[in-house]
Amino acid sequence: MVLDQAEQDVAGLRDGEHISGPSAAEYRTRVTRSAVFAGRTVTGVRNAARLLAAADPDIHHGEAMTCVWQAETAACRAARMAAGLPASDVPDESECRSSCTNLAYTDRDIGLQRERAARLAAAAADALAPAPLRERAAAQAARARAI
């Protein structure tokens, strides 16, 4: 999966995919230097670990956002530590903050954000829904449009 994702990211950049967000430059750097899998057969655990270490840019695609993981600046990690939970060495999408400096947005992510904003705007305009749900949907739609 890691190798397939890295290959998709390389292809996206090669095909002119636009990247935005605080970690856009770091995303481009990591994707560019990630190794492309040449189709070798991996027979040992150490060989697989070495291949992944060379190819894994530590980029995690989430729901309509991409985390370019750096533990020192990760808002999700800081939130876990503030809550008294153990620090993690991987992103925690449930604790993701839109203000995190590790975020980057690919064209794929922005497309999903637009779809999400449209769904939320429709939910906010639903006259049959309770007012609190409409208000929450309107606020979430505004955040998705801001991204």
Could you check, for segment 53-60, whether at least one of its residues is among the hydrophobic types (A, V, I, L, M, F, W, C), surrounded by 13 or more Cβ atoms within 10 Å (Cβ to Cβ) and either out of contact with any Lys or Arg (no Cβ under 8 Å at 6 or more places or on another chain) or touching a residue at least 60 places away in the same chain (Cβ under 8 Å) (or both)? yes
So for segment 108-116 (the condition being more than 29 Å from Arg134 (Cα to Cα) and not acidic (Asp, Glu)), does at least one residue qualify? no
Which residues, counting only those in segment 30-62, are within 30 Å of Ala117 (Cα to Cα) and either modelled with pLDDT of 85 or more or of a type in the set (A, V, I, L, M) (or both)? Arg30, Val31, Asp58, Ile59, His60, His61, Gly62
Per the filter on segment 128-142, residues closer than 28 Å to Gly21 by Cα and surrounded by fewer than 17 Cβ atoms within 10 Å (Cβ to Cβ) are Glu135, Arg136, Ala138, Ala139, Ala142
Check segment 5-20 and report whether any residue there is outside any helix (DSSP H, G or I), open to solvent by 80 Å² or more (accessible area, probe 1.4 Å) and closer than 17 Å to Ile147 by Cα. yes
If we ask which residues in segment 75-127 are open to solvent by 60 Å² or more (accessible area, probe 1.4 Å), modelled with pLDDT of 90 or more, small (Gly, Ala, Ser) and touching a Lys or Arg at 6+ places or on another chain (Cβ under 8 Å), their number turns out to be 1
Looking at the structure I just gave you, is Ala75 touching a helix residue (DSSP H, G or I) at 6+ places or on another chain (Cβ under 9 Å), within 30 Å of Ser34 (Cα to Cα) and not β-branched (Val, Ile, Thr)? yes
Output the qualifying pairs, or none if there are none: Cβ atoms under 8 angstrom, residues six or more apart or on different chains, first residue in segment 29-50 and within 25 Å of Gln70 (Cα to Cα) and among the aromatic types (Phe, Trp, Tyr), second residue open to solvent by 60 Å² or more (accessible area, probe 1.4 Å) and at pLDDT 75 or above. Phe37/Glu7
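The values are calculated or read from the model by the stated rules, or taken from the named source; none is laboratory data. Given the structure is predicted, the values throughout are model-derived calculations rather than measurements. Note: ideal-geometry Cβ built from the backbone for every residue, glycine included; neighbour counts use all protein chains shown. Side chains included, ligands, DNA and RNA excluded: accessible areas come from the protein's heavy atoms. Shrake-Rupley method; radii C 1.70, N 1.55, O 1.52, S 1.80 Å.
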